[in-house]
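Each remark here refers to the structure printed beneath this line.
Throughout, read-outs are computed from the coordinates displayed, never taken from laboratory work. Please read these numbers as outputs of a predicted model, since none were measured by experiment. As a convention, Cβ positions derive from the backbone with ideal geometry for all residues, glycine included, and neighbour counts pool all protein chains shown.
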Amino acid sequence: MADQNTTSTTQTWTHRWTFVLAAAGSAIGLGNLWKFPYMTGENGGSAFVIAYLVCIVLVGIPIMMAEAALGRRGRHSPINSMRGLAKEAGVSRMWELVGWVGALSGFLILSFYSVIAGWAIAYAVDMFSGVFQGMLPEQVEQSFEALALDPVRMSIWHGVFMAMTGFVIARGVHNGLESSVRIMMPALFILLLLLLGYSITETGHFMQAVEFMFAFNLDALTEEALLSAMGHAFFTLSLGMGAIMAYGAYMPKKASIARTIGIVAVLDTTIALVAGLAIFPLVFANGLEPGSGPGLLFVSLTSVFAVIPGGQIIGGLFFLLVVLAALSSAISLVEPLVAWVIERTPLSRLAATVVYCLMVWLLGIGTVLSFNEWSGEEYQIFGMTFFESMDYLTANITMPLGGLLIAIFAGWIMKRAHIAREMNLSSGYFNLWRALCRVVAPAAVLIIFITNISD
Ligand code: PHE
């Protein structure tokens, strides 16, 4: 990753695995732990999960490979990479817009992402200080509601998270990121497995959760759920907004794109599924509502930490790791634009970061208020709160749009020889990837877009 003052882009990751770590750090975050379970709950369980898995394989992975390949060939920030690649392919500079759409997505996503990460900080602090010990599930639920009704507390924690993000970005991503991903991610995974073990052995509702998540029931699949599943595939893989392109720019020429992206996608999906399987048994055992929305992760797991021995420490540690997973994603939301600002303007990395983070914090206040002052109908946009509309706009519109353009560019615009060299696959696999990227992925995105707009 680029050091503080580096504008050159010939630099590569220090180690073969660093790209995997960084991309996994970007992909694995609140999307897996917080968003996936509550969306599954809201969209009726297995129909959503199955659609999500299909979207990951047919749309997500091919586009992710394309995005990494464009980054590696472009070797600059996403905006400038796209400009260079458009020039190389002899097409209009307008393709640079892909980078701008991505920068916009990153900005909007971070504004609400940081608010939710702020909740996790609040929970880590309260957990370590023993606030939740001995609480009943209803009380845990009430205390979550109390947090959601308190805009001042939420804005402060949201600010703390933005400050943490800014700190890592300003130092240069390299130092902060690599070590945190290398140690924290495995730790998070182990804690999740422990929680899963608890849910399997202690709740008596594990099979109900399995059925809820995996029973084959395509009747339940609505168009809306399909759009959400596709949107979530983009969100969870950090696709269509330049994060993977920015990291791809630092990828060594020799590394295999298919293999590294495959590893990242499998890790990401596994973590989401494990999180779901750990959370839903608790939801059913405690009589919570699977479709209760954004508080699901916080309420369900906290009610376990409240009663198990050592829950204070384990729970505190868990939310701390959630915060760090969110941090490694947040960095990748900022990096594409900040990298461009440094390449193109006289602003320093520090100045760019401070201005950017302040703006994100301000926009995030809209999300903070969506849970309290602005939750009423008079503040809604197309029937959604500010938070919901930011989420909808990015996951369901700007990210798939960015991904669609990336797929078209890699599949149709770039010279075959150029993209083939990046992919470096046997001709059978290359043709499979190309068919997915040229036809299947764009068609899926378009069909899902059009059916939703026509409703
Ligand atoms: N993939 C991240 C998550 O699941 C969110 C994210 C989206 C990060 C887009 C970067 C870019 O939490």
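Taking a cut-off of 44 Å, what percent of all Cα-Cα pairs in the chain are separated by more than that? Taking all Cα-Cα pairs of the chain, the fraction more than 44 Å apart is 8 percent.
Secondary-structure-derived ellipticity at 222 nm for the chain, considering helices only, amounts to -23000 deg cm²/dmol, per-run term -39500 (n - 2.57) for DSSP H runs with n ≥ 4. Contact order, relative form, for the stretch 24-154: 12 percent (alpha carbon pairs under 8 Å, 6 or more residues apart, mean separation divided by residue count). Where in the stretch 393-420 does the label zone of VAL439 land, with the point 7 angstrom along Cα→C-beta and an amide N cut-off under 15 Å? What the label zone holds, given the 15 Å backbone N cut-off, is 411-412. For the stretch 374-452, the C-alpha radius of gyration divided by 2.2 N^0.38 Å, with N the number of residues, is 1.54. For SER143, the shell of other residues with beta-carbons less than 14 Å away shows a net charge of -4, using +1 for Lys and Arg and -1 for Asp and Glu.
Ordered by the number of other Cβ atoms lying within 10 Å of each residue's own Cβ, fewest first, PHE318, PHE284 fall into the sequence PHE284, PHE318. Taking the chain as the reference, fit the longest principal axis to its C-alpha atoms, fit the long axis of helix 349-370 to the helix C-alpha atoms, and give the angle between the two in degrees, 0 to 90, nearest 10. It works out to around 40 degrees. For the chain, the longest principal axis of the Cα atoms and the long axis of helix 61-74 meet at an angle of about 50 degrees. Counting charges near LEU108 (Lys, Arg +1; Asp, Glu -1) among other residues having Cβ under 13 Å from its Cβ returns a value of -2.
Using the Cβ-Cβ distance between ALA187 and THR222 with R0 set to 41 Å, the FRET efficiency from 1/(1 + (r/R0)^6) comes to roughly 0.60. The peptide list 262-269, 244-251, put in order of mean Cβ contacts within 10 Å with the highest first, becomes 244-251, 262-269. Helix 78-89 sits at what angle to the longest principal axis of the chain, using alpha carbons and giving 0 to 90 degrees rounded to 10? It is inclined by approximately 30 degrees. A simple count of charges around PRO186, restricted to other residues whose Cβ falls under 15 Å of its Cβ and scoring Lys, Arg +1 and Asp, Glu -1, yields -1. Taking a straight Cα-Cα cut-off under 19 Å and skipping sequence neighbours fewer than 8 places away in the same chain, the lysines within cross-link reach of LYS87 are LYS415.
Less than 5 angstrom separates the built amide H of LEU288 from none of the residues sequence-distant by 5 or more or on a different chain.
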